[in-house]
Amino acid sequence: MADFAASTELGEFLGFPADAGTRGTLMLGLASAAIRRACEGMTLDAFTGRVETFGPTDIDTLFLSERPVTALTSVVEDGTTLTEFVWTRWGTIRKISEAAWDIGNTVVTYDSGFASTSDEAVTLKTICLEVAALAFTNEPNNGPEQFGGGVEAVGWAPRIVLTDRHLALLRDFGPVPVG
């Protein structure tokens, strides 16, 4: 999984003349992992053409493993392509007839995650940059200091922290109850 921002973007975010280097890349990776963890395993990166196969079942709802679902390409039950079904971005699929999925194997092809230009992806990038910047500079109120020709962060050991504001913004990215 890719980080939500690049080291060059972190450098620009911090006002550096160049990218934030390997330390910045590390902080972005840690911040991205913390964001994914806060979202409880939701697929946040865009993925096209995901395929899942379900065995026959006596329930009327299928639950896709990756969310949010952004497009549903096909639903094939026991070799027959279905056209009368409804789906949600939260990964549920139901037949309009509300019948069970009990005829045979069902193969679902779909897309999931957020496009890099979507408002959701921009929000994730912003949170990632803020969290990484706090860790990079070691202190929420102090920026990096110049010593000679390079930039060096001083202070306490870095911590990756999602603030209450970040967690509130991420709340909509996590799983939701369905049914």
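Values in this text are rule-based calculations from the coordinates and carry no lab data. All figures in this text were calculated on a predicted structure; none of them were measured in a lab. Cβ placement follows ideal geometry from the backbone for every residue including glycine, while neighbour counts extend to all protein chains displayed.
Residues of the chain were split at every exposed loop site, defined as GluC sites (Glu not before Pro) in a DSSP loop with at most 15 other C-beta atoms within 10 angstrom, and the longest piece left, sites excluded, is 99-179. Note the listed values (1) 72, 27, 23; (2) 64, 43, 32; (3) 166, 21, 20, then indicate which one is Cα extents along the principal axes in Å calculated from this particular structure. So the structure-derived entry is (1).
In order along segment 34-40, the Karplus-derived 3J(HN,Hα) couplings, from 6.51 cos²θ - 1.76 cosθ + 1.60 at θ = phi - 60°, round to 5, 5, 4, 5, 5, 8, 6 Hz, and Gly and Pro are given as x. Distance between the 7 Å Cα→Cβ label points at GLU84 and GLU40: 3.4 nm. Stretching the chain fully between LEU72 and THR57 yields a gain of 3.4 nm (0.36 nm per residue, less the alpha carbon separation).
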